[in-house]
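Worksheet for the structure shown next.
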Amino acid sequence: ERQNGTMGRLLAAPISRRAIVVGKALTSFVLGVVSMAALVVGTTLLLGASWGNSVGVAILVLAGVIAAMGIMFVVAAVARTPEQAGNVQSIIAFVLAMLGGSFFPIAQAGGLIAKLSLMTPHAWFLRGLGDLAAGGGAGAVFPAALYVAIFGLVTGGLAMFRVGKVLTP
């Protein structure tokens with residue numbers, strides 16, 4: 001936004017900084033939900049994937065989008081350039097995915113690493129998917145979805161303290 005000059009135009013418009021942030025958040029949320037819905041529907045139709053209870057999947061997807069938004073707000077709050085944002089985002093995503101067990105089943109290793117993995121939204125998202133695969137309904141994913149959503153709300157909330165300083169032309 002800063003690089004293209006649109007941030008200056010947004011800030012000059014008769015709208016509050018809060019409205020700009022809320023607009024960006026809503027856009028991110030809608031794009032995240034549409035992307036995840038396309039992934040779920042596409043893998044179901046094209047690959048024959050079975051995600052489990054559709055209400056449970058929807059709850060887990062909404063929580064996952066909230067967590068992704070929280071991380072994105074952190075990146076937006078600390079990055080100064082688009083390149084830096086891309087690099088920071090990649091590092092955070094890779095570390096959380098690796099620690100959360102997205103690459104290999106880290107929870108089975110036990111010990112400190114298994115306990116640390118529970119601090120990531122990835123571990124809880126995978127746990128929720130496992131609960132759905134085991135035949136659980138919407139209620140089965142609630143603890144996992146709650147943690148994933150809380151992770152996003154906390155990270156996004158912390159980033160909001162800095163976003164006001166970042167919103168400059």
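The values are calculated or read from the model by the stated rules, or taken from the named source; none is laboratory data. Here the structure is a predicted model, which means the values were calculated and not measured. Neighbour counts are summed over all protein chains in view; Cβ atoms, including those assigned to glycine, are modelled from backbone coordinates with ideal geometry. Areas reflect the complete protein model, heavy atoms only, side chains present, ligands, DNA and RNA absent. Shrake-Rupley method; radii C 1.70, N 1.55, O 1.52, S 1.80 Å.
Under the condition of being assigned to a helix (DSSP H, G or I) and open to solvent by 50 Å² or more (accessible area, probe 1.4 Å), which residue from segment 77-90 is modelled with the lowest pLDDT?
The residue in question is PRO82.
Can you confirm whether GLY48 is at positive phi, open to solvent by 50 Å² or more (accessible area, probe 1.4 Å) and not aliphatic (A, V, I, L, M)?
yes
Conditions (1) part of a loop (DSSP other than H, G, I, E, B); (2) within 20 Å of LEU96 (Cβ to Cβ); (3) open to solvent by 60 Å² or more (accessible area, probe 1.4 Å); (4) without any contact (Cβ under 8 Å) to a residue 40 or more places away in the chain, marked per residue:
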{"residue": "LEU11", "(1), (2), (3), (4)": "no, no, no, no"}
{"residue": "GLY23", "(1), (2), (3), (4)": "no, no, no, yes"}
{"residue": "LEU26", "(1), (2), (3), (4)": "no, no, yes, yes"}
{"residue": "VAL55", "(1), (2), (3), (4)": "no, no, yes, no"}
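Can you tell me which residue among PHE142, PHE151 is in contact (Cβ under 8 Å) with a residue 60 or more places away in the chain and either of a type in the set (S, T, N, Q) or open to solvent by less than 70 Å² (accessible area, probe 1.4 Å) (or both)?
PHE151
What tally of residues in segment 94-122 results from selecting those that are assigned to a helix (DSSP H, G or I) and in contact with a His (Cβ under 9 Å, 6 or more places away or on another chain)?
Final tally of qualifying residues: 5.
Among the residues of segment 103-133, how many are at pLDDT below 85 and buried (at least 18 other Cβ atoms within 10 Å of the Cβ)?
2
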